[in-house]
């Protein structure tokens, strides 16, 4: 095994088998609907693509985002990784991520 | 003896006396741009501020100088700048900012012949109306004028006191003559100099509550001034604002704010206005003058008295707010007001307005470049 | 003509009643006294003036990104909020201080930098930032920028460059590119723009960086570096203006402009700032251009004052 095939480990280090079964921490996306101005930047730039535009109107007449329905069905519920890019890309302070409390306790 | 007050008897020029007055009042920040005839003030401050614990900076222009002294005032230090006609014109926008944000600071305008570049090294008194109306919008300002080098010291201290008490930029309208004149100055000891500092609030608000920077206590008209960096979390803006400092763009907020800004000076006019009267008790002709012109006018009064004419001198120490009530009272018994000034009529119109037609007003102008001779004043008055 | 009027009048009458919505909007935008119960919490809300949220900027405006980056940088630095001061000028970006819950100053057009200079020199413990727009900092305020950079006064200047004067309707500015349409260049701009990082580096800034409103983590790192570095630090942020500049030049929505930034921006750290000229080629060169050490204004002044006064009063 040379360094090119193993970019994140130096030559000679043993691979920890457990790491292949590592699951990323789960986070929840919280949306403050009334602050949204419908720019769709969070929807576009979420690396996991878990957001989509909803049909409801908020108090200012915009369509706030919501979690994609596919991710509500259960099997991919743990899709948000908490990269918090939506938190930063939103100009309105209308979306943020919170850690999953149960996992924190573990 | 503290470093910033040079107690004792000195022989100095008006510019230097004004600088010493600022230091004695506690000025710790000077930002300016050199301009004849005020340059000596900046040079003196550059020498004296390091040992007085202050900061001197020569800015790139007068606009930056005015901005810098406003910033220094909000950081908690007494600040000043000095300039002349052309620089004073540049500072006007930021003077307006100082007025609406209620920032105490002192501007020394050493007047020279104008307009434009004019007579850089010769006397004038042509910025008087500009001191009052120079910036756009409705506002009131405090402007003082010294007539001797000792007064340059005293009046600069007075200007700092007014600025701190009423939270308004105060202007010292010197003229080139008194700024370059050398005379004896007596600087008192620290205990004998009366200094007024701005009122500061007691403590920052607890978390969760907000501080209202423009709310006045006990029905007064001048709010306390917090410093930046103490946790008051103030928002200061040049837009029309509410008591909380937030911009509010409507007629109601404008009415409340601008009225208070003007009234805090207008309603205290009698406390602020200071005049000196010489032989005015039985006078029938009143000579009105300010600055160095008042020295010629005083001699003119003496000559007139020798001729048997009942003349008196009303010397304006505070030019703005104009001592309207005094002129109105005098107009009842005075026959003629003779206004001598080194401009083509600026305070003359104020005197004429306040006399209200009850007394004749005569203007004896000199357009700039030299002082009045006493004979010229008397000739202009028709004596 | 008459039928057009008729059509318009009919449309107005048929619109749904929006009075209830208007009440809610007014409550949100004008409520000064009671606010905490009305709005939900964002974890960074403690840095904002809650009673002025939502802010006035358009949907997708880049200034909101700059605001949240600044606030996140303060959070990550665990900065002392009491000592942070933000000064701005006039314009859309100039409204940033109105939303920050710290000591903030909204001064005259172009004169934020001298105000900040006076503040920093009078109280060196403050951490002073100037966040203002491209027209405010480089047109009317150009002279002040040059001199503050030359003097190396310790402050961070953050320029939000949306290539026009947004607040007043999209007039051209010193950064509007050649041939661009604006409100005062309806046939095309005939003024070449500034190369701002080059200008800042040439004036003597010790830290010069340029990012866009989508390179947010790097922007936060830059802000952290600029706030802790001694000397004059400058960060330029390219931001979309979908309402004025973007609409007039057919750039699309804020989303389209963000995608454009994603595709065309190239990070070239420490390249020659002369190459950062936006009109040179199709790509947007971004990155940190300058990061040097130089004695700052206060250090030099303190040294000279100490030397002058060490023998007591001598003037």
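The values are calculated or read from the model by the stated rules, or taken from the named source; none is laboratory data. Bear in mind that the values here come from a model prediction, so they are computed numbers and not experimental data. Here the Cβ is made from the backbone with ideal geometry for all residues, glycine too, and neighbour counts use every protein chain on show.
Evaluate the following for residue B:171: is it in a helix (DSSP H, G or I) and crowded, with 18+ Cβ neighbours inside 10 Å? In short, no.
Scanning the range C:112-134 for residues that are under 10 Å from residue C:157 (Cβ atoms) and within 9 Å of chain B (Cβ to nearest Cβ) gives C:112, C:113, C:116, C:128.
Considering C:38, C:48, the condition of being within 27 Å of residue A:28 (Cβ to Cβ), at pLDDT 90 or above and surrounded by fewer than 22 Cβ atoms within 10 Å (Cβ to Cβ) is satisfied by C:48 alone. Of the residues that sit in the range C:51-69 and are more than 8 Å from chain A (Cβ to nearest Cβ) and closer than 21 Å to residue C:166 by Cα, which one is surrounded by the fewest Cβ atoms within 10 Å (Cβ to Cβ)? Restricting to residues being more than 8 Å from chain A (Cβ to nearest Cβ) and closer than 21 Å to residue C:166 by Cα, the top hit is C:56.
A quick yes/no check of all residues on (1) more than 14 Å from chain A (Cβ to nearest Cβ); (2) at pLDDT 95 or above; (3) assigned to a helix (DSSP H, G or I); (4) under 19 Å from residue C:251 (Cα atoms):
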| position | (1), (2), (3), (4) |
| --- | --- |
| C:138 | yes, yes, yes, no |
| C:150 | yes, yes, yes, no |
| C:153 | yes, yes, no, no |
| C:160 | no, yes, no, yes |
| C:200 | yes, yes, yes, no |
| C:205 | yes, yes, no, no |
| C:218 | no, yes, yes, no |
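Evaluated against (1) more than 27 Å from residue C:171 (Cβ to Cβ); (2) away from chain A (no Cβ under 12 Å); (3) in contact with a helix residue (DSSP H, G or I) (Cβ under 7 Å, 6 or more places away or on another chain); (4) surrounded by fewer than 24 Cβ atoms within 10 Å (Cβ to Cβ), residue C:251 falls short on exactly one condition, (1). Counting only helices (runs of 4 or more DSSP H) wholly contained in the range B:13-113, the ones carrying 3 or more residues that are more than 10 Å from chain C (Cβ to nearest Cβ) occupy B:14-25, B:39-48, B:85-100. Does residue B:338 qualify as being crowded, with 19+ Cβ neighbours inside 10 Å and more than 22 Å from the chain's Cα centre (by Cα)? So residue B:338 fits the description; yes. For the condition buried (at least 24 other Cβ atoms within 10 Å of the Cβ) and on the phi > 0 side of the Ramachandran plot, residue C:232 does not qualify.
Of the helices (runs of 4 or more DSSP H) lying entirely inside the range B:224-327, the ones with 2 or more residues being more than 21 Å from residue C:104 (Cα to Cα), in contact (Cβ under 8 Å) with a residue 60 or more places away in the chain and more than 14 Å from chain C (Cβ to nearest Cβ) are found at B:251-266, B:293-306. Looking for something within 24 Å of residue C:125 (Cβ to Cβ), surrounded by fewer than 19 Cβ atoms within 10 Å (Cβ to Cβ) and outside the structural domain of residue B:136 (by TED's automatic domain parsing) - is there at least one such residue anywhere in the range B:3-25? Scanning the range B:3-25, I find at least one residue that is within 24 Å of residue C:125 (Cβ to Cβ), surrounded by fewer than 19 Cβ atoms within 10 Å (Cβ to Cβ) and outside the structural domain of residue B:136 (by TED's automatic domain parsing), so the answer is yes. Evaluating residue B:315 against the criteria (1) on the phi > 0 side of the Ramachandran plot; (2) crowded, with 17+ Cβ neighbours inside 10 Å leaves one unmet condition, (1). Only one residue in B:154, B:202 is outside any strand (DSSP E or B) and either under 23 Å from residue B:40 (Cβ atoms) or assigned by TED's automatic domain parsing to the domain that holds residue B:29 (or both), so which one is that? Residue meeting the stated conditions: B:154. Whether a residue is at pLDDT 95 or above, over 21 Å from residue B:336 (Cβ atoms), touching a helix residue (DSSP H, G or I) at 6+ places or on another chain (Cβ under 7 Å) and not assigned by TED's automatic domain parsing to the domain that holds residue B:374 was assessed, and residue B:261 passes this test. When you look at residue C:214, is it touching a residue at least 40 places away in the same chain (Cβ under 8 Å), in a helix (DSSP H, G or I) and either within 25 Å of residue C:267 (Cα to Cα) or within 18 Å of the chain's Cα centre (by Cα) (or both), yes or no? No, not satisfied.
Residues checked against (1) surrounded by fewer than 11 Cβ atoms within 10 Å (Cβ to Cβ); (2) in contact with a helix residue (DSSP H, G or I) (Cβ under 7 Å, 6 or more places away or on another chain):
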position	(1), (2)
C:260	no, no
C:267	no, no
C:280	no, no
C:284	no, yes
C:293	yes, no
C:297	no, yes
C:306	yes, no
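Residues that are closer than 14 Å to residue B:126 by Cα, crowded, with 23+ Cβ neighbours inside 10 Å and either in contact with a strand residue (DSSP E or B) (Cβ under 7 Å, 6 or more places away or on another chain) or not assigned by TED's automatic domain parsing to the domain that holds residue B:140 (or both): does the range B:370-381 have at least one? The answer is no, given that none of the residues of the range B:370-381 is closer than 14 Å to residue B:126 by Cα, crowded, with 23+ Cβ neighbours inside 10 Å and either in contact with a strand residue (DSSP E or B) (Cβ under 7 Å, 6 or more places away or on another chain) or not assigned by TED's automatic domain parsing to the domain that holds residue B:140 (or both). Answer yes if at least one residue in the range C:299-306 is more than 21 Å from the chain's Cα centre (by Cα), touching a residue at least 40 places away in the same chain (Cβ under 8 Å) and within 26 Å of residue C:167 (Cα to Cα), and no otherwise. No, every residue in the range C:299-306 fails to be more than 21 Å from the chain's Cα centre (by Cα), touching a residue at least 40 places away in the same chain (Cβ under 8 Å) and within 26 Å of residue C:167 (Cα to Cα). Specify the residue that is farthest from the chain's Cα centre (by Cα); the eligible residues are those in the range A:39-54 that are within 12 Å of another protein chain (Cβ to nearest Cβ) and in contact (Cβ under 8 Å) with a residue 12 or more places away in the chain. It comes out as A:39. A single member of B:269, B:306 is out of contact with any strand residue (DSSP E or B) (no Cβ under 8 Å at 6 or more places or on another chain) and closer than 23 Å to residue B:155 by Cα, and it is B:269.
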